[in-house]
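Reviewing the structure listed below.
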């Protein structure tokens, strides 16, 4: 038990009330180990983003609890975890540098230290030279790099990523995945990564949690025992991909039938 | 490019003045004063007549009503913009009131506030308050939710989210509402003075028109046009400001 940094217990989330209520998550249990790259995958609408929001403290569970480092999550905790969103969530009126400084600014870090840290992480994500650009002047991939630098600058143990590469094209997605692995190895963090991409899950993760269609439940947790550095096109990665797909395809079908 | 644009603008202005001059020859002077009569009169009015107290009055009314409308519009806009229940309850009422031709309230205002400054300020206030409040509500309530969520995830308090995220994110829309409000303030004050007042440019225009002093009527109208152009420049400055900050 103590080996888990994040502990999710009997988690249930119900939206709405009465006959219109929707059970988004039902009795979800799992743990995330320290320094692990943990991926949550599932058919669209299975509640994986809801799950991440709950871990981030941005939403409250209906039942159950989440413990991080032994402490119950009661709300956002920027000392412990940082979040990266699919939509980048950059502030248009701020430059890249000032966007990356935002979290530190809220924390009350002094100007000089803020700048130093921001520049460090801008360099780490490969955005040096773009410090004074505005988000509207950046490509999607560069925007997500800036958002990643902002999250990293908080120097938290846990990094939560909600489909961070979901809006990017395949090549950018692959490239950023490779860089994320490098950054993860350099900074030693526990990453919880939500995705709907099988390749991403198989290539990046230590373990993959496969979720069932609504209501979201834990279907299976797949261990990925492939040594790093990994080749995204290797047989081992493809085998994991096939295995996850086997688990997920019935769920995806069920989800589509519900939709029809 | 700049020079070219300016030349074209001068051309159309020259064309209008020529059209004005030639058509004034075709009708009696009482109906249409010619530019050759109006411009010397303009200089005379500017240098010799007692127009200044009227200008001050009009200017004061515009500034006061604009200041009040901006303050109240922003305050109500921020409250309704952030508070969904209140917004759902009161925004439809505000929009409905905005759709009423404001001039219908003016007789009532004259009755209660008298012929002097107060009724003009109140009328211009009504005209400009609604667009400022409504665009502020729109701007504040339409801020991308993920921007707010991201700030909360970084530990921001509600107050910090408001002034570091919601305010700058909605500023361009809010400023466009304020510049609409400013233009409507000018309209409100001049119309109010024309419909009944003691001092002000609108009073001068109305009395010149009733007395068939066509030359003076045009002089005052030109002054109103100059004020409107000035206000338009200020509005543009507002909107340009929003993206630099």
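Of the residues B:188, B:197, the single one that is in a helix (DSSP H, G or I) and in the same structural domain as residue B:50 (by TED's automatic domain parsing) is B:188. Among the listed residues B:80, B:115, identify the single one that is at pLDDT 95 or above, away from chain A (no Cβ under 14 Å) and over 26 Å from residue A:82 (Cβ atoms). Going through B:80, B:115 in turn, the sole match is B:80.
Assess whether residue B:40 counts as being in the same structural domain as residue B:213 (by TED's automatic domain parsing) and more than 19 Å from residue B:200 (Cβ to Cβ). It is true that residue B:40 is in the same structural domain as residue B:213 (by TED's automatic domain parsing) and more than 19 Å from residue B:200 (Cβ to Cβ). Is there a residue being surrounded by fewer than 18 Cβ atoms within 10 Å (Cβ to Cβ) and closer than 17 Å to residue A:117 by Cβ anywhere in segment A:164-186? Among the residues of segment A:164-186, at least one is surrounded by fewer than 18 Cβ atoms within 10 Å (Cβ to Cβ) and closer than 17 Å to residue A:117 by Cβ, which makes the answer yes. Residues in segment B:148-164 that are over 33 Å from the mean Cα position of the chain (by Cα) and facing chain A (nearest Cβ under 7 Å) were compared, and the one that is surrounded by the fewest Cβ atoms within 10 Å (Cβ to Cβ) is B:155. Determine whether segment B:155-175 contains at least one residue that is assigned by TED's automatic domain parsing to the domain that holds residue B:228 and touching a strand residue (DSSP E or B) at 6+ places or on another chain (Cβ under 9 Å). Checked against the condition, which is being assigned by TED's automatic domain parsing to the domain that holds residue B:228 and touching a strand residue (DSSP E or B) at 6+ places or on another chain (Cβ under 9 Å), segment B:155-175 yields no hits at all. With respect to (1) surrounded by 20 or more Cβ atoms within 10 Å (Cβ to Cβ); (2) touching a helix residue (DSSP H, G or I) at 6+ places or on another chain (Cβ under 6 Å); (3) assigned to a loop (DSSP other than H, G, I, E, B), the lone exception for residue A:133 is condition (1).
Cβ-Cβ distances below 6 Å connect the following pairs, each with a first residue in segment B:40-68 that is modelled with pLDDT under 90, a second residue that is not in a helix (DSSP H, G or I), and a separation of six or more residues or different chains: B:45/B:51. When the test is whether a residue is more than 21 Å from the chain's Cα centre (by Cα), free of Cβ contacts under 8 Å to residues at least 24 places away in the same chain and either over 25 Å from residue B:165 (Cα atoms) or outside the structural domain of residue B:192 (by TED's automatic domain parsing) (or both), residue B:86 does not pass it.
So, residue A:180, is that one within 12 Å of chain B (Cβ to nearest Cβ) and over 28 Å from residue B:240 (Cβ atoms) or not? When the stated conditions are applied, residue A:180 does not pass them.
Among the residues of segment B:98-108, are any free of Cβ contacts under 8 Å to residues at least 60 places away in the same chain and surrounded by 21 or more Cβ atoms within 10 Å (Cβ to Cβ)?
Checked segment B:98-108: no residue is free of Cβ contacts under 8 Å to residues at least 60 places away in the same chain and surrounded by 21 or more Cβ atoms within 10 Å (Cβ to Cβ).
Set side by side, the residues A:53, A:92, A:77 differ, and just one is in a loop (DSSP other than H, G, I, E, B), within 14 Å of chain B (Cβ to nearest Cβ) and closer than 19 Å to residue A:8 by Cα, which is A:77. Looking at A:125, A:158, just one residue is touching a helix residue (DSSP H, G or I) at 6+ places or on another chain (Cβ under 8 Å) and more than 20 Å from residue A:249 (Cα to Cα), and that residue is A:125. Hey, any hits in segment A:162-170 for a residue that's assigned to a helix (DSSP H, G or I) and modelled with pLDDT of 90 or more? Looking for residues that are assigned to a helix (DSSP H, G or I) and modelled with pLDDT of 90 or more, one finds none in segment A:162-170, hence no.
The values are calculated or read from the model by the stated rules, or taken from the named source; none is laboratory data. Just so you know, these numbers come straight off a predicted model, no measurement behind them. Positions of Cβ are backbone-derived with ideal geometry, glycine not excepted, and every protein chain shown enters the neighbour counts.
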